[in-house]
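Novice: I'd like to ask you about the structure that follows.
The values are calculated or read from the model by the stated rules, or taken from the named source; none is laboratory data. These numbers come from a predicted model, not from an experiment. Don't worry about glycine lacking a Cβ; one is built from the backbone with ideal geometry, like all the others, and counts go over all protein chains shown.
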Amino acid sequence: MEKNRVIEGCKVLIIGGSAGSLEVLMELLPKLTFVPDFAIVLVLHRKSAEDSTLEELISYKTEIPLMDVEDKTPLRSGFIYIAPSDYHLLFETNDVLSLDTSEKINYSRPSIDVSFESAAAVYGPALVGILLSGANSDGTEGLLAIKRAGGSIVVQMPESAQMPFMPMNAIENTSPHYVLDVKGILNFILHINS
Amino acid sequence: MINDRELEVLINEVFEYHGFDFSGYSRASLKRRVERLYQLDGFNNLGEMLTKIRLEPTYFKRMIEEITVNVTEMFRDPLFYKVLREEIIPVLATKPFIRLWHAGCASGEEVYSMAILLQEANLLQKSLIYATDINPVVLDTAKKGIFPLQMMKQYSENYRISGGKKDFSDYYTANYGFAKFSSDLSVKMVFSEHNLVSDGSFNEFDIILCRNVLIYFDKELQERAFTLFDNSLAKLGYLALGTKETLKFSSLQKRFKQLNKDKIWKKTE
């Protein structure tokens with residue numbers, strides 16, 4: 001693990017998680033008040049279509065404005081975006097988000113791997129990826145893609161995760177730059193670009 | 001893996017040799033689809049793949065089949081179908097004859113869903129449902145109306161949420177793991193190949209449904225498709241899009257009025 005890796009020039013912070021990750025976000029988000037120079041994208045495994053409670057829940061918890069994600073929504077700094085249920089969330093080269101209903105990956109749509117890989121191809125070193133709690137192997141390939149493209153990757157410390165499988169699988173296969181507990185993740189985010 | 005430049009080479013070759021123009025497709029998704037096929041078929045480099053696409057018509061057919069996304073389901077987004085059932089169909093019912101167009105219908109699950117709604121409203125007899133897709137293979141499936149039996153549990157639940165009151169299994173016959181839908185439903189369907197990139201308007205419709213198709217197009221190509229739909233809609237006709245698709249980034253938005261929060265727009269001009 002590299003210590004004191006300085007994160008600067010970050011344009012997009014992408015966070016993936018499955019079971020047990022919402023609790024982490026509920027703890028993190030109230031403490032994030034303002035992100036002037038990067039966008040936050042959340043890719044969480046979620047159930048039924050037409051369910052907007054996740055968006056509502058998250059918008060209650062943070063002062064950072066939430067941008068509704070539709071096809072071709074522009075991606076801008078200072079906003080939070082959430083991958084909609086039943087679609088894969090992709091990144092276009094002109095800072096636009098697009099959607100895809102192709103096959104589930106790792107039994108999931110949205111799939112964390114799909115979004116992480118797509119973001120890595122567009123943002124390269126300007127991307128930071130964080131993988132949280134979960135019981136599935138989604139996210140590992142995506143983190144590898146981010147790392148290969150020069151971005152920084154962070155994994156939640158398995159001991160601090162409700163479901164340690166997803167972070168553990170990622171740690172074993174990616175050697176992340178940081179493995180952090182929830183408090184550490186918060187500190188890490190607060191220091192991006194500063 | 002395929003890089004951005006190689007993807008552009010492939011797009012150019014496919015257009016040059018086969019006349020199919022993918023240049024207006026959203027790159028992020030197209031790249032994933034091409035990479036998936038490249039890996040699936042075990043190519044070692046792009047040259048190999050291009051040669052096969054150029055020289056083997058059957059392989060080109062496979063490519064079209066595999067890079068277009070054909071994921072669909074019956075009564076997909078059941079609440080959308082509830083709005084169709086309760087708000088749109090009663091309006092269509094006032095017309096002497098109802099013309100519908102499913103643009104990009106894939107294997108036809110949503111076309112059969114619509115036919116069920118029309119039949120339950122006693123309107124199927126005076127309706128004509130055009131269903132088109134770029135991909136002839138999925139159209140063949142659609143024509144047959146045969147879908148995997150294992151999906152019926154979910155479809156039946158979707159049907160119920162959409163306001164369906166009947167026993168969903170009355171609409172099909174189960175056989176060897178497949179459900180064959182009654183030909184009473186398909187008798188008013190016309191299936192045909194149509195490419196939203198290059199083909200024009202072919203009729204005037206009271207409603208056009210194009211759901212989760214335009215997400216694969218970039219904004220310019222979306223604009224072309226919207227213009228085509230506008231030219232193909234009767235006055236006060238409806239345009240229905242997918243749950244996360246919108247007319248709001250288009251200049252044609254002003255010619256349409258969105259119904260509540262649902263992804264249905266009414267042509268006002």
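Novice: Just checking, which of B:142, B:174, B:131 is farther than 27 Å from residue B:244 by Cβ and touching a helix residue (DSSP H, G or I) at 6+ places or on another chain (Cβ under 7 Å)?
Specialist: B:174
Novice: Condition (residue is surrounded by fewer than 18 Cβ atoms within 10 Å (Cβ to Cβ), away from every other protein chain (no Cβ under 12 Å) and modelled with pLDDT of 95 or more) applied to region B:69-79: is it met by at least one residue?
Specialist: Scanning region B:69-79 turns up no residue that is surrounded by fewer than 18 Cβ atoms within 10 Å (Cβ to Cβ), away from every other protein chain (no Cβ under 12 Å) and modelled with pLDDT of 95 or more.
Novice: While we're on this one: Where residues in region B:216-269 are free of Cβ contacts under 8 Å to residues at least 24 places away in the same chain and within 18 Å of the chain's Cα centre (by Cα), which of them is farthest from the other protein chains (Cβ to nearest Cβ)?
Specialist: B:247
Novice: Just for region A:59-84: of the residues that are within 13 Å of chain B (Cβ to nearest Cβ) and loosely packed, with under 15 Cβ neighbours inside 10 Å, which one is modelled with the highest pLDDT?
Specialist: So, considering only residues that are within 13 Å of chain B (Cβ to nearest Cβ) and loosely packed, with under 15 Cβ neighbours inside 10 Å, the one modelled with the highest pLDDT is A:74.
Novice: Could you tell me whether any residue of region B:167-176 is closer than 20 Å to residue B:84 by Cβ and either in contact with a Cys (Cβ under 7 Å, 6 or more places away or on another chain) or of a type outside the set (Asp, Glu) (or both)?
Specialist: yes
Novice: So, in region B:76-127, exactly how many residues are aliphatic (A, V, I, L, M) and farther than 23 Å from residue B:146 by Cβ?
Specialist: Step one: list which residues in region B:76-127 are aliphatic (A, V, I, L, M), which gives B:79, B:83-84, B:88-89, B:91-93, B:98, B:100, B:103, B:106, B:111, B:114-118, B:121, B:123-124.
From what's left, farther than 23 Å from residue B:146 by Cβ: B:79, B:83-84, B:88-89, B:91-93, B:98, B:121, B:123.
Result for region B:76-127: 11.
Novice: A further question on this structure: Tell me, which strands (runs of 3 or more DSSP E) lie completely within region A:1-108 with 1 or more residues that are over 15 Å from the mean Cα position of the chain (by Cα)? Outline the logic, then answer.
Specialist: On the way: elements: A:12-17, A:39-44, A:80-82, A:88-92, A:96-100.
Ranges flagged: A:88-92, A:96-100.
Novice: I need the full set of residues from region A:123-133 which are over 13 Å from the mean Cα position of the chain (by Cα) and buried (at least 22 other Cβ atoms within 10 Å of the Cβ), in order please.
Specialist: Of all residues in region A:123-133, those over 13 Å from the mean Cα position of the chain (by Cα) come to A:123-126.
Result: A:123, single match.
Novice: What's the total number of residues in region B:252-262 that are closer than 19 Å to residue B:232 by Cα and out of contact with any helix residue (DSSP H, G or I) (no Cβ under 7 Å at 6 or more places or on another chain)?
Specialist: So the answer is 5.
Novice: Please tell me if residue B:117 is under 28 Å from residue B:222 (Cβ atoms) and at pLDDT 95 or above.
Specialist: yes
Novice: Would it be correct to say that residue B:84 is part of a helix (DSSP H, G or I) and either polar (S, T, N, Q) or buried (at least 23 other Cβ atoms within 10 Å of the Cβ) (or both)?
Specialist: When the stated conditions are applied, residue B:84 passes them.
Novice: What number of residues within region B:97-113 satisfy the criterion of being in a helix (DSSP H, G or I), under 20 Å from residue B:173 (Cβ atoms) and not polar (S, T, N, Q)?
Specialist: Within region B:97-113, residues that are in a helix (DSSP H, G or I), under 20 Å from residue B:173 (Cβ atoms) and not polar (S, T, N, Q) number 3.
Novice: Restricting attention to region A:141-162, and to residues there that are under 21 Å from residue A:7 (Cα atoms) and among the polar types (S, T, N, Q), which single residue is farthest from the other protein chains (Cβ to nearest Cβ)?
Specialist: Here is the first cut: in region A:141-162, the residues under 21 Å from residue A:7 (Cα atoms) are A:142-157.
Those still in the list that are among the polar types (S, T, N, Q) too: A:152, A:156.
Working: A:152: 22, A:156: 27 Å.
Per the stated criteria, the residue is A:156.
Novice: Do we have any residue at all in region B:109-125 that's within 19 Å of the chain's Cα centre (by Cα), β-branched (Val, Ile, Thr) and assigned by TED's automatic domain parsing to the domain that holds residue B:239?
Specialist: Checked against the condition, which is being within 19 Å of the chain's Cα centre (by Cα), β-branched (Val, Ile, Thr) and assigned by TED's automatic domain parsing to the domain that holds residue B:239, region B:109-125 yields at least one hit.
Every residue, every condition in (1) surrounded by fewer than 18 Cβ atoms within 10 Å (Cβ to Cβ); (2) in contact with a helix residue (DSSP H, G or I) (Cβ under 6 Å, 6 or more places away or on another chain); (3) among the β-branched types (Val, Ile, Thr); (4) farther than 26 Å from residue A:9 by Cα, yes or no:
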| position | (1), (2), (3), (4) |
| --- | --- |
| A:104 | yes, no, no, yes |
| A:119 | no, no, no, no |
| A:153 | no, yes, yes, no |
| A:170 | no, yes, no, no |
| A:176 | no, no, no, no |
| A:191 | yes, no, no, no |
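Novice: What do you reckon, is residue A:97 surrounded by fewer than 22 Cβ atoms within 10 Å (Cβ to Cβ), of a type in the set (A, V, I, L, M) and more than 7 Å from chain B (Cβ to nearest Cβ)?
Specialist: Values: surrounded by fewer than 22 Cβ atoms within 10 Å (Cβ to Cβ): no; of a type in the set (A, V, I, L, M): yes; more than 7 Å from chain B (Cβ to nearest Cβ): yes.
So residue A:97 does not fit the description; no.
Novice: Counting only residues that are within 12 Å of chain B (Cβ to nearest Cβ), farther than 19 Å from residue B:243 by Cα and among the polar types (S, T, N, Q), how many does region A:110-138 have?
Specialist: Of the residues in that region, 2 qualify.
Novice: Something else now. Test of understanding: among A:87, A:107, which residue is in contact with an Asp or Glu (Cβ under 9 Å, 6 or more places away or on another chain) and away from chain B (no Cβ under 14 Å)?
Specialist: Of the residues listed, the single one that is in contact with an Asp or Glu (Cβ under 9 Å, 6 or more places away or on another chain) and away from chain B (no Cβ under 14 Å) is A:107.
Novice: Can you pull out every residue in region B:122-166 that is aromatic (Phe, Trp, Tyr) and over 17 Å from residue B:213 (Cβ atoms)?
Specialist: B:147, B:155, B:159
Novice: Given the conditions (1) surrounded by 16 or more Cβ atoms within 10 Å (Cβ to Cβ); (2) more than 22 Å from the chain's Cα centre (by Cα); (3) among the hydrophobic types (A, V, I, L, M, F, W, C), report the number of the one that residue B:55 does not fulfil.
Specialist: So residue B:55 meets the others, but not (1).
Novice: Give me the helices (runs of 4 or more DSSP H) completely within region B:1-63, filtered to those with at least 1 residues that are without any contact (Cβ under 8 Å) to a residue 24 or more places away in the chain and either within 14 Å of chain A (Cβ to nearest Cβ) or within 20 Å of residue B:133 (Cβ to Cβ) (or both), ordered by residue number.
Specialist: B:4-18, B:27-40
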